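K.L.:
Sharing a structure below in structure tokens format, with a few things to ask.
Derivation of every value follows stated rules applied to the coordinates shown; laboratory data play no part. Every value quoted in this text rests on a predicted model; they were computed, and no experiment measured them. Glycine gets a Cβ as well: all are built from the backbone with ideal geometry, and neighbour counts include every protein chain shown.
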Amino acid sequence: MDDRKIKKISNKIISEFFWKSPNPMAITKAENGTYIEVNEAFEKCMGMPYPELVGQTSVGIGYITAEQRSVIFNEIKENGYAQNIELDVKVKKNETRCGLFNSTLIKLGKDGLWLTVVTDISRRGMAAKARQDDILLKSLAAVEETGVILIRGHQKRQRYSFFINKEARRILGRKPLKDLLDAIDRQKSTYFSTQTGCYHVKTILSHGSGYPWKLILLDRLPYPLFIEEKLKQYNMTGRQGEVALLAAIGHSNVEIAEKLFISEHTVKDHMKDIYKIVGIHNRSELFPKLLNLR
């Protein structure tokens with residue numbers, strides 16, 4: 001077999017490799033990124049037919065951004081090739097995929113061409129994310145004494161719980177999670193009470209890629225601190241607040257009078273005003289009212 005026939009067979013094999021490769025492959029002009037050839041896998045990946053791709057650029061059709069192309073360009077300029085450049089790309093119907101880009105510069109006379117091969121690693125990224133999630137959930141489950149709740153998709157109308165640790169389940173008891181979410185809606189810090197106690201609630205929000213999430217932390221508060229915070233919601237004088245706090249945590253009128261250096265009669269007058277302000281009828285209703293238990 002002569003050299004001419006061998007070369008012809010070799011060219012056919014190379015051509016078949018390009019067109020039938022399972023990886024998306026493209027040949028573009030080095031100067032501006034215009035596609036001059038793309039294989040079947042590239043057409044399938046992009047969800048666009050060959051005639052609509054050839055003559056266009058990757059940036060022009062929104063496959064990658066100008067900044068992403070610059071990353072590849074600078075790598076080729078420095079090394080003569082770009083190897084395993086990881087980029088997020090937009091394919092059919094604005095679907096985002098993660099790809100490894102490998103490009104090499106081919107000289108044809110005065111023209112320079114890029115041969116680019118893309119490997120879809122989206123599944124690998126999903127697997128890595130799943131491992132990270134598993135580590136995160138195990139870490140949250142190990143937290144003791146603090147209630148931890150992780151909410152995914154908290155901006156959607158139908159919010160759902162992604163994870164609740166053992167302490168958070170104990171804190172909530174029979175109370176629905178919605179009660180807590182309503183209490184902290186649009187607030188980074190608030191207070192929440194259940195049959196198990198009073199809690200300072202902190203929220204941490206993330207609006208990164210993928211589903212937004214909200215991390216909720218519940219730390220138990222001593223009753224006096226909690227009640228003091230709750231009393232701030234009412235239009236009381238300083239003295240009324242002091243009397244109400246002592247009454248709510250169990251002190252009698254005599255004890256309150258001694259602690260504040262006022263008469264028992266004055267304490268009784270303050271208590272009558274406090275009942276009206278808080279909206280209760282007697283002393284026994286004060287503590288449950290402040291803890292939202294009635």
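K.L.:
Order these peptides, 38-51, 230-243, by their mean beta-carbon neighbour count within 10 angstrom, highest first.
P.N.:
Top of the packing list down: 38-51, 230-243.
K.L.:
Assign unit charges at the C-beta atoms only (+1 for Lys and Arg, -1 for Asp and Glu), then state the dipole size of region 7-120 relative to its Cα centre in Debye, rounded to the nearest 20.
P.N.:
Roughly 400 debye, rounded to the nearest 20.
K.L.:
Next up: Would you mind checking the tilt of helix 66-79 against the longest principal axis of the Cα atoms of the chain, expressed as 0 to 90 degrees and rounded to 10?
P.N.:
Helix 66-79 sits roughly 50 degrees off the main axis of the chain.
K.L.:
With +1 on each Lys and Arg Cβ and -1 on each Asp and Glu Cβ, and nothing else charged, work out how big the dipole of the chain is about its Cα centre, in Debye to the nearest 20.
P.N.:
In total the dipole reaches around 740 debye.
K.L.:
Right, something else. Among the lysines, select those whose C-alpha is under 20 Å from the C-alpha of Lys44, and discard any that sit fewer than 8 residues away in the same chain.
P.N.:
By straight Cα distance, Lys44 reaches Lys20, Lys90, Lys92, Lys93.
K.L.:
Sticking with this one: Using modelled amide H (1.01 Å from N, peptide plane; none on Pro or chain starts), what sits under 5 Å from the amide H of Val59, excluding residues fewer than 5 places away?
P.N.:
For Val59, the qualifying residues are Ile64.
K.L.:
Now for a different question. Where Lys and Arg each count +1 and Asp and Glu each count -1, what net charge lies around Gly109 among other residues with Cβ under 15 Å from its Cβ?
P.N.:
Result for the local shell: +1.
K.L.:
Additional query: Specify the residue with the greatest mean-square fluctuation among Asp269, Asp88, Asp134, computed from a Gaussian network of the chain linking alpha-carbon atoms under 10 Å apart.
P.N.:
Asp269
K.L.:
Among all the lysines, which ones have a C-alpha under 26 Å from Lys259's C-alpha, if same-chain residues fewer than 8 places away are not counted?
P.N.:
Leaving aside lysines fewer than 8 places away in the same chain, those within reach of Lys259 are Lys230, Lys232, Lys268, Lys272, Lys276, Lys289.
K.L.:
Can I ask one more? Determine the equivalent ellipsoid of the chain by diagonalising the alpha-carbon gyration tensor, then write out the semi-axes as square roots of 5 times the eigenvalues, largest first, rounded to whole Å.
P.N.:
Result for the chain: semi-axes of 72, 17, 15 Å.
K.L.:
Considering amide H positions built from the backbone, and no H for Pro or chain starts, which residues 5 or more places from Glu37, or on another chain, come under 5 Å of its amide H?
P.N.:
Ile27
K.L.:
Note down the net charge around Trp19, summing +1 for each Lys or Arg and -1 for each Asp or Glu among other residues with Cβ under 13 Å from its Cβ.
P.N.:
-1
K.L.:
Also, I was wondering about something else. Using helices alone, what [θ] at 222 nm do you get for the chain, with -39,500 (n - 2.57) per DSSP H run of 4 or more residues, divided over all residues and rounded to the nearest 500?
P.N.:
Per the formula, -13000 deg cm²/dmol.
K.L.:
Still on this structure: How do 222-228, 261-267 rank on mean C-beta neighbours within 10 Å, highest first?
P.N.:
Order by mean packing, descending: 222-228, 261-267.
K.L.:
Please report, in Å, the Rg and the Dmax of region 7-120, where both are computed over Cα atoms only.
P.N.:
13.6, 42
K.L.:
Mind telling me which of Glu258, Glu86, Glu229 comes out most flexible in a GNM of the chain, alpha-carbon contacts under 10 Å?
P.N.:
Most flexible of the set in this elastic network: Glu258.
K.L.:
I need the per residue convex hull volume for region 226-290, using only the alpha carbons, in cubic angstrom as a whole number.
P.N.:
With only Cα atoms used, region 226-290 gives 74 Å³ per residue.
K.L.:
OK, next. Starting at the first residue of region 27-33, write each ³J(HN,Hα) from the Karplus equation 6.51 cos²θ - 1.76 cosθ + 1.60 with θ = phi - 60°, in whole Hz, x for Gly and Pro.
P.N.:
10, 10, 6, 5, 5, 9, x
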